[in-house]
Amino acid sequence: MQIELAHYLLLSAVLFGIGVMGVLTRKNLIVIMMSIELMLNAVNLTFIALARYSANIEGQVIVFFVLCIAAAEIAVGLAILIAIWRHRGMMSIDSLKQLKW
Amino acid sequence: MSYSLTDIFGVLPELILVVTAITAILVDVASKGKDSSATMLVTAVGFIVSGIAAISGVGTIGVLMNGAVFQDGFTTAFRAIFCLIGFLTAIFSPAYLHFRNIRLGEYYPLLTMSVLGMMVMVGAANLLLFFIGLETMSISLYILVSLNRTNSKSIEAGMKYLVMGAFSSAFMLYGIALMFAVVGSINYNDITNYFLADPTLGPLTIAAVALLLTGFSFKIAVVPFQFWSVDVYEGAPATVTAFMSTGPKAAAFVVFIRVFGIALHPVASHWTLLLSWIAILTMVFGNVAALRQTNIKRMLAYSSIAHAGYLLVGIVAGNHAAFAATGYYLAAYALMNLGAFAAVIIVNQRHGTDGSYRFDALKGLGFAHPLLGISLTIFMLSLIGLPPTAGFLGKLYVFSAAIETGHIVLAVAGLLNSIIATYYYLRVIVLMYMAKPEGDTTIPRPLPYAITLIVLSVLILLIGVFPEPVISLMIAVAP
Amino acid sequence: MGLISWYVVIPAATAFAITLVPKAKPMAIRWVASTGGFLLVLLSAIVSVKYWNLAAADIELLRTSMFTKLYMVEQWTWFKSIGIEYFVGVDGISVLMLDLTAIIIFTGSLASWYVTERPKEFFALLYTLVTGVFGVFVSFDLFLFFVFYEVAVLPMYLLIGIWGTGPRNYSALKLTLMLLMGSAGLLVGILALYHGSGIHSFNLIELSKIHFPEAFQLWVFPIIFVGFGVLGAIFPLHTWSPDGHASAPTAVSMLHAGVLMKLGGYGCLRVAIYLMPEGAIYWAMFFMALATVNILYGSLGAIKQKDLKYFTAYSSVSHCGFVLFGLLALNLMGIKGAVIQMFSHGIMTGLFFGLIGMVYGRTHTRMIPEMGGLAKVMPWLASAFYIGGLASLGLPGLSGFIAESHVFLGGFFGNQWHDITLMRTLTILATLSIVVTAVYVLRGLATVFHSTITNPEFEKLTDATLPEKISTGVLIAALAIGGMLPWLFVDLIEGSIFPFLNRLHESGMISSL
C-alpha cells in the first residue's frame, strides 16, 4: 500500500484527538501538559507532511517556530507547576479549586 | 527576498520594545532585585518612544517585510493604544505591587514582551506571524498572572490560564495547518484570493474554520469558551487583570477581524448565523452573570465578556464600516475597561478593605475623592454607553452597522443588553454618591494613580466628542 | 456663534461657573444659578421677539409648505464620515418650548434657594440637565437630538438619587432604566431612519425630503413613538413617573414634569409624525386609545392619593395624556392644542411642584390629611396654589382652558382617515376627566388650606420669602398671559404646524390606508 498525504493527515488527526482527550479527561497536570505537547506535535506532523507533499518549504519553517513556542510554553508551565506543588503538595487538577469555575 | 530601510522603519515600534525589554532586564539585574523603580522607568520610557514611533506611521498603508506585516490604520492605531495601555500599566503598577508585596523586577520586561506580542499580532499579515505574536503575548501573560508566587490564587489562575491558553493555541495551530493544507499558503491575501476564486467549502476547510473559530472563541472569551476568563481575572494581580482584559482582548479581536472578517470574507456568509448566536449568548451570559456579583473585580470580568458580545455584532455585520466600528469600539473598550479596573484597584487600597474587591468599598467615596469619583463615573457611563463618552459612540457605530446590514435583531438584542448592564454599572455610581461612607475613607494617592485616571477619562471624552481622527484611522484597513 | 447656540452655552457655562464657586459660599452659588436662569429667560424673550418678526412674513408661504422652515439656523459638520452635523435652529413650536424651559429653570432655581445639602453639586447637575433639555429643543440633527436627550437623563438619576426623598434609590433607578429602555428603542428607530433613507444623514430636514416606504413607516413609527412616549408617560409605560416625581427634589420635579415630559410629546411630533405621516395615520387610533387611558387613569389615580406629590404626579400623567391625544387627532386644532397644552401644563405643574416643595419645606409633611388651615399662615402660597389648581381644571382665563378646549375640539372634529364615531367616543371619555379633576383638585386644596389648623405647630409657619414670591409670581403671570392673550401663542405656533398637516394630507392621498 502506498502511503499518501491523507494517511499522514489522518495519523496527525488521531494524535491530535488523543491529545484533546488527554487534556479533557486526565487529572494529573503533568499528563495534561504532555497531552498539549502531543497536540502541538500532531500539528507539526501535519505541517511536515504538507510541506513534503506539496513541495512547499514554508510548512517545515513553521515547524521550527512551533517547536520553540512549545518549549517556551512547557518551561513556563513546569515552573508554575512547581509553585503549585509548593503550595498544595499535589499536582492534580483537583487542587485548582480555590477559584470557582 | 530583500529588506529595505522602509521595512525596518515600519516595524520600529516593535524593535524599540525589544530593545526596551532587554534593557529592562539588564537594569533589573544591575539593581540586584532591590529596587525595580529604574526598571519601571526604562519600560515607561520605552513605551512612550515606541508609541511615538507608532503614531508617526499615521497615513501609511501597505505591506512590509515581503508581505508579512500590514502597515495600515488598524496597525497604527492599535500599536499606539497598546503602548498607552503598557505605559499606564507600568506607571500604575509600582504602588499596587508594593501594596501587594510583590517585588519582582521581571514584571516590567514581561509587560513589554506582552505588548510586543500584541503589536506583532495586529500587524501580522500571515497566520504564522500572528501565531508567534499570540504566543509571545500569552507566555508573558502566563508568568504575569502567576507572578504573585506567594498567593495560591494567583498561581492557580496562572495554571488555569496556561492550560486553557495552550489548549486553545493548539486548536488554533491545527486550524492554521489545515488552512495551509487547503490554500497552500498562510498569507491572508492568498487565503482571500483562494476563496474568491472558489467559494465552496470542502470538509477540510470546514474543519480548519471550526478549529480557528474555537481557538479565537477561547482567546476572546465568548460563550461557550468564556469560563476560564473570570477565574483568571480574579486570581491574577489586579494590574495584570486590568492589562489583560484590555490589550490582549483587543489584539485577539483585531486578528479575528483580519482573519474572519477580511481574509475569509468570501465565505463569511456560512457562519454569520452561528456568530450571531454566539454574540447574543455572550452578551446575555456576561450581563446576567455580572448582575449577581458581589465582587467588583468579577463583575468587571463578566462585563468584559458581555462587551465581547457587542464587539462580535460588528464582526457579524461584516462590511468595511462595521470593521471600522468594531475597531473604534475596541479602542474605546480598552480605554474604559482599563480605567474602570484602575479606579477599582485604587478603591480597594482604601484603608481597611483588605483588598477583597467587595462593592462595599465604594461607599461614599464619590464626595470624599472627587477625582476618583468623577473618573470612575465617566468610565461607568462609557461602559453603559451614554454620551458624550467614547463607549456611546462605539456602541452606536457598531449597532448602526448591524442595522445597515440587516441584522436588526442583533442590534435590538445588544441594546436590550445594554439596559441590563446599566443596572450593575449604575450600582457603582450609586454606592459612590448615594451611600453613607463607612469607616475610614483614606486612600493612598500617589501621582501615577492620578495621571492614569486623568489620561484615561480625558481620552474617553475626547474621542467620544471628536471621533473623526480615530475613525479615519480605523477605516484605513489594508485589503 | 449665533443666538441659538447660547441656549446650550449659557446653562453649560452656568454649571461650570458653579463648580468654580467655593463650597463655603452657598449664597454665591444660588446667585450664580439664578443669574444663569435669568439670562436664559432674557434670551428666550429676545429669541421669541426675533422669531415673531421673522416668521410673520412667511406665514402665507408656510400654509402650503411641506417642510418645516427653520429660523436662526447654525449648521456645521461635526463627524464627516458618519454624516453628523451640529445643526440647530428654531421653529414656532421649539420657541414655545424654549420659553417654557427658560421660565421653569429660572423659577426652579429660585424655588431651590433653600437646598442646603451640597448646593454646589446640586445646581451644577441641575444646569447640566438643563443644557441637555435646551439642546433637544434646538437640535434638528437626530444624532445631536439623541445626545442631548441622553445628557438630560443621567443627571436626573443623580439628582433624584442624592437629593431626593422617600424611596429615592428605587425611584431613580426605575426612572433611569425605563427612560433608557425608551431611548434604546429610539436609537434603533433613528438608525433605521438613517440607513433607510439611503442618504446617510441624521439631518431632520434632509430626511423629511425622503419618502420612506409605507412598510418601513409601519414598523419604525411605533418604535420611535413609544421611545418618546415613555418620556411622555404613555400608558402603560408611565409607571416611572409618579415614583420619580414624588422622590425628586423640588426643582427637579418642576423640570421633569414641567419640561422633560414635554420632550416626549415634542419628539413624537417632531420626529415620528413629521417623518412618518403614513405611519402616524395607521397607528393614530391605537395610540389615541392609550392616551385616553392615560387621561382617565391619571385623574382617577390622583383621587386616591394622600401625598401631595403623588397627587400632582398622577394629574401630570393625565395632562400629558392630553398632549398625546391632541397630537394624534392629526388636525390643526388638535396639534395646536397639544402644543399649547405642553406649555400650559409645563408652567402649571412647575408651579405645583414648586409650591409643594415650599410647603413641604415648612410643614415637613406632604400628606394631605395631616395638613389643614394653612391658608391662614401662608396666604401667598395658598393663593398661588388655588390659581394653579384652577388652571389645572381648565378654568377659562387661564392657559389650561385654551389648551384643553383645543384638544377636545380637535378630537371631536376628527379627521378624514379615521372613524369619527370612535374619535368622538374617545373624546367624550377624555372629557370626563375634567369632572374628576375638578373634584380632586378642589377637595385637595380645601383640605390643605381651609378647615381649621390641625397641628398647633403650623401656627408658627411663615409665608413665602422673596425668592419664592418671585418664583411663583413669574409662573402665575405666565399662566395668566397664556389664558388671557392666547393669540400670542396661537400666532407663534400656527405657522409651524402647517407643514405637519400638509405632509399628513399629502401622504393620506397617496396612501392606500
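Here, each number is a calculation from the coordinates, and none is a lab measurement. All of these numbers come straight from a predicted model, not from anything done at the bench. Quick reminder, even Gly has a Cβ in these numbers, built from the backbone with ideal geometry, and neighbours come from all protein chains shown.
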Shape verdict for segment A:44-101, please, from the Cα gyration tensor: rounded (a/c under 1.5), prolate (a/b greater than b/c) or oblate. prolate
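Take each uninterrupted DSSP H stretch in chain B, measure its Cα extent along the helix axis, and return the ones at 15 Å or beyond whose mean Kyte-Doolittle hydropathy is at least 1.6.
The answer, listed by residue number, is B:12-30, B:37-55, B:127-145, B:203-220, B:272-291, B:370-384, B:408-434, B:447-465.
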Whole-number value, in Å³ per residue, for the convex hull of the alpha carbons of chain C is 125 Å³
For the protein assembly as shown, with +1 on Lys and Arg beta carbons and -1 on Asp and Glu, the positive-most of B:Leu462, B:Asn417, B:Gln293 along the dipole: B:Gln293
Select from C:Phe343, C:Phe87, C:Ile4 the residue farthest towards the positive end of the dipole of chain C; place +1 on Cβ of Lys and Arg, -1 on Cβ of Asp and Glu, and compute about the Cα centre. C:Phe343
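Mind checking C:151-163 for the average number of partner chain beta-carbons within 10 Å of each residue's beta-carbon?
Numbers: counts 3, 0, 1, 7, 0, 0, 6, 7, 0, 1, 5, 5, 1.
Mean partner-chain Cβ count within 10 Å for C:151-163: 3.
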Compute log10 of I(q)/I(0) for segment C:306-434 with the Debye formula, placing one identical point scatterer on every Cα and leaving out solvent, at q = 0.10, 0.15, 0.20 Å⁻¹, to two decimals. -0.37, -0.71, -1.04
What is the Cα coordinate range of the protein assembly as shown on the first, second and third principal axes, sorted by size from largest, in whole angstrom? 103, 68, 50
Just order B:375-381, C:287-293, B:450-456 by mean Cβ neighbour count inside 10 Å, highest at the front, would you? B:375-381, C:287-293, B:450-456
At a threshold of 8 angstrom on Cα-Cα distance, excluding pairs fewer than six apart, so keeping six or more, what relative contact order does chain A reach in percent? 26 percent
Residue by residue through segment C:287-302, the couplings from Karplus 6.51 cos²θ - 1.76 cosθ + 1.60 with θ = phi - 60°, in Hz, x for Gly and Pro, are 6, 5, 4, 4, 4, 5, 4, 3, 4, 6, 4, x, 6, 5, x, 5
Interchain or long-range residues, amide H under 5 Å from B:Val63's placed H: B:Gln71
Can you pull the mean other chain C-beta count within 10 Å for peptide A:82-88? 5
Taking H as built 1.01 Å from N, whose amide H comes closer than 5 Å to the amide H of B:Arg358, not counting residues under 5 places away? B:Ile296
Under the helix-only model (-39500 (n - 2.57) for each DSSP H run of 4 or more, divided by the residues of the protein assembly as shown), the mean residue ellipticity at 222 nm, to 500 deg cm²/dmol, is -25000 deg cm²/dmol
Packing rank of C:12-18, C:173-179, where each peptide gets the mean count of other beta carbons within 10 Å, highest leading: C:173-179, C:12-18
Treating the beta-carbon of each Lys and Arg as +1 and of each Asp and Glu as -1, no other charges, what is the dipole magnitude of chain B about its Cα centre, to the nearest 20 debye? 1100 debye
Here is the link list: C:Lys209/C:Lys336; B:Lys153/B:Lys297; A:Lys27/B:Lys249; C:Lys376/C:Lys460; C:Lys262/C:Lys336; C:Lys23/C:Lys469. Which ones come out longer than 18 Å on Cα distance? C:Lys209/C:Lys336; A:Lys27/B:Lys249; C:Lys23/C:Lys469
How large is ³J(HN,Hα), in whole Hz, for each residue of segment C:142-154 in order, when computed from phi with the Karplus curve 6.51 cos²θ - 1.76 cosθ + 1.60 and θ = phi - 60°, using x for Gly and Pro? 4, 5, 4, 3, 5, 4, 5, 4, 5, 4, 6, 6, 5
Taking every residue of B:390-403, the Cβ atoms of other protein chains inside 10 Å of its Cβ average out to 3
Hey, how many Å between the Cα centroid of segment C:301-347 and the Cα centroid of segment C:85-144? 20 Å
Pop out the ³J(HN,Hα) list for segment C:34-40 in order, Karplus 6.51 cos²θ - 1.76 cosθ + 1.60 with θ = phi - 60°, rounded to Hz; leave Gly and Pro as x. 5, 5, x, x, 5, 4, 5
Which far-off residues, 5 or more places away or on another chain, put their amide H under 5 Å from the one on C:Asn203, with H placed in the peptide plane? C:Leu142
Cα convex hull volume per residue for segment C:401-486 (Å³): 129 Å³
Take the alpha carbon atoms of segment B:246-313, find their center, do the same for segment C:212-265, and report the distance between the two centers in whole angstrom. 33 Å
For chain B, what is the convex hull volume of the alpha-carbon atoms per residue, in Å³? 125 Å³
Segment B:339-409 and segment C:1-48 have their Cα centres apart by a whole-number Å value of 29 Å
What percent of all Cα-Cα pairs in segment B:321-457 falls in each 10 Å bin, counting up from 0? 13, 39, 28, 15, 5, 0
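Could you tell me whether segment A:5-90 comes out rounded, prolate or oblate from its Cα gyration tensor? Rule is a ≥ b ≥ c as square roots of the eigenvalues, rounded for a/c under 1.5, then prolate if a/b exceeds b/c, otherwise oblate.
Details: a/c = 6.93, a/b = 1.91, b/c = 3.64.
In terms of gyration-tensor shape, oblate.
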